[in-house]
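Beneath this line is the structure, given in structure tokens, with notes to follow.
The values are calculated or read from the model by the stated rules, or taken from the named source; none is laboratory data. Bear in mind that the values here come from a model prediction, so they are computed numbers and not experimental data. Using ideal geometry, Cβ is built from the backbone for each residue, glycine included, and neighbour counts are taken over all protein chains shown. Surface areas here come from the heavy atoms of the whole protein model, side chains and all, with no ligands, DNA or RNA. Shrake-Rupley method; radii C 1.70, N 1.55, O 1.52, S 1.80 Å.
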Amino acid sequence: MDVVWQPDLFAGRDEVAVDADFRGVQRTQLDPGSWVEVYPGWLAGANALFGRLADAVPWQTHYRWLFRQRFLEPRLTAEYRRLTDVPHPALVTAAEALSRHYGVRYDNLWLNLYRSGADSTGWHRDRFSCRRPGCIVPVLTLGATRRFLLKPRAGGPSVAFRPSAGDLVVMGGRCQDEWVHSVPKAPDTLGARISINFQSSEQAQRVIASTDAPTASARGRART
């Protein structure tokens, strides 16, 4: 796909590699139970990975209903339900490093392509990929620097981050319960941005309370 983007001079052009030691973390405590960690330059070779994903990912447009009207989402998206299908081995290495560091098995990806500053995503929670308390959600940025905002669901001022190419942003604690996040439009930004959301099929499953546990006969039927 042809997208306009300005390679980051500090992101590197050659070998794509992650910092498996997770050095230089900058942690922001949003409230007593919610936090964000930022790892500047966590991925080396961000320019090379951007170019590969821009060309190889089967980007799609999607519509959504809002107030009984059908809208075209102002960005392109893609999903990889299996890591074996991703177009670059560095994404598998990144998922494995994140799994070891955070103790969560990241086994699928959701990608967004913001073609220019006119593309955006509104305020939302990751409700479908985060159905368990204390979800940890890593997001890797490639391409243009854009504002990444979070604000309390109950109301209040937003907290702004500006991840650049190769930066990793991780939301944790009760972030998906008590906060919403967005990437607003940026009219002065001409270049494209790709965000890579590392997702876990385990975090996407609701925790079944003990009172809802199946009976012995039900468990027997489930095995057949």
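Remarks
- As for region 85-94, it holds no residue that is modelled with pLDDT of 95 or more and assigned to a strand (DSSP E or B).
- Scanning region 85-95 for residues that are buried (at least 16 other Cβ atoms within 10 Å of the Cβ) and within 23 Å of Q205 (Cβ to Cβ) gives V86, L91, A94, A95.
- Residue, farthest from T189 (Cα to Cα), within region 141-152, restricted to residues that are surrounded by 24 or more Cβ atoms within 10 Å (Cβ to Cβ) and touching a helix residue (DSSP H, G or I) at 6+ places or on another chain (Cβ under 7 Å): L142
- With respect to the conditions (1) assigned to a loop (DSSP other than H, G, I, E, B); (2) surrounded by 16 or more Cβ atoms within 10 Å (Cβ to Cβ); (3) not polar (S, T, N, Q), G155 lacks only one, and its number is (2).
- Of the residues making up region 45-84, just one is β-branched (V, I, T), open to solvent by 60 Å² or more (accessible area, probe 1.4 Å) and outside any helix (DSSP H, G or I), namely T61.
- Residue in region 191-199 that is over 16 Å from the mean Cα position of the chain (by Cα), surrounded by fewer than 24 Cβ atoms within 10 Å (Cβ to Cβ) and not hydrophobic (A, V, I, L, M, F, W, C) present: yes
- Criterion applied to G172, G117, G166, G134 was being in contact (Cβ under 8 Å) with a residue 40 or more places away in the chain, of a type in the set (G, A, S), part of a loop (DSSP other than H, G, I, E, B) and surrounded by 19 or more Cβ atoms within 10 Å (Cβ to Cβ), and the one residue passing it is G166.
- Verdict on R100 being assigned to a loop (DSSP other than H, G, I, E, B) and farther than 20 Å from T61 by Cα: no
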